[in-house]
Amino acid sequence: MNKKLYIIFTVDWEKDHGKWKFNSKDVDYGGILTGTKCLEDILDDIGIPCTWFVETHKDYHKFDIPNLFPESISELRSRKKDEIGTHIHWISNNHKKNYWEYPIHDTDWVNSLIRYAKDEAESFKINPISFRGGAFIHVPNLPLILQSNGYLIDSTFEWAPSTRIHLPKIEYISKLMSTPPLPYFSDLIDIRKRGSSNILEFPVYLWVPRILKNKFVTSLFLQKLKYMMHGFVTFYLHIDEITDHTTGPNEKTKINKSVIDSLRYFLEDLASNENVEFLTFNAGYEYFKKIE
């Protein structure tokens, strides 16, 4: 492999989560409604392509973003340098017991959600080949199900856990400073293992908002990325994370200027280096096959 670093910048394009969900609303879409255009402008100014993981759900209308915002999906589709993948949170309401559960061992149900996501995208004339499962939850048989539904790429394995599993800060930074794994064709049953499936796994390397919280760490990390690393790394953020969580809901949500300024600086610095190239997953797949 040459000494170039290929970065795949991805966005989980979904309803607001955690502290970003306005407390008076059951579901809030502030990130989608006000954050999308702001992020698009930054990426376009720097010339960075993006893979947008659009949340869908066949059972719950409030979680089915394409049906809620069809015009926004059409706008994303018009972005020629970008890619649209699908994203599902494995949640189901157990009405008898009155709580939400995650029936990830129900292979038929999981398959029905993935099939729905694929069909829904195709109704917008989008043929998604990349997928990310919600919260990085391990779903048995996921590679086999994705393969049977025409996907080529998954990015559900979080190599440096940062959100669902909180590593202590020192351990997290230490892991980021080590060398991440290359993409690999996964096992048919377990996305975390190498195997014989047709699904190319791109492990998630960096949750971007966390690295932006400390200027010294950001600077140190930039030096590593630009001069010490090569191969492929996957970045991600949630669309609501560039907004001000104290504002909202929906169209009333404001952009977090501090986060946006830090993100712009970080991406501009990376993109200015001749050893760094930003790709979508589709392009990354083709590059990887050539150098494998």
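Derivation of every value follows stated rules applied to the coordinates shown; laboratory data play no part. Because the structure is a prediction, the values reported are computed rather than measured.
Orientation-averaged projection of the stretch 5-291 equals 14.8 nm² [convex hull of Cα atoms, one quarter of hull surface area].
From the Cα gyration tensor of the stretch 1-152, with a ≥ b ≥ c the square roots of its eigenvalues, which class applies: rounded if a/c is under 1.5, or else prolate if a/b is larger than b/c, or else oblate? Oblate shape, in that a/c is at least 1.5 and b/c is the bigger or equal ratio. Using just its DSSP H runs of length 4 or more, each adding -39500 (n - 2.57), the chain gives a mean residue ellipticity at 222 nm of -10000 deg cm²/dmol after division by all residues. Looking at the chain alone, DSSP beta bridges between its own residues are antiparallel in about 20 percent of cases. Of all beta bridges that DSSP places with both ends in the stretch 86-234, some 40 percent have antiparallel geometry.
For the stretch 173-284, what does the alpha-carbon gyration tensor say about shape, rounded, prolate or oblate, given a ≥ b ≥ c as the root eigenvalues, a/c under 1.5 as rounded, and a/b over b/c as prolate?
Verdict is oblate for the stretch 173-284.
Within the listed set 58, 252, 21, the residue fluctuating most in the Gaussian network model of the chain (springs between alpha-carbon atoms under 10 angstrom) is 252.
When the chain is treated as a GNM with alpha-carbon contacts under 10 Å, the residue of 217, 233, 259 showing the greatest mean-square fluctuation is 217.
For the residue pairs 21/80; 19/252; 175/226; 81/254, the C-alpha atoms sit more than 20 angstrom apart in 21/80; 81/254.
Between the alpha-carbon centres of the stretch 92-107 and the stretch 230-290 there is a gap of 33 Å.
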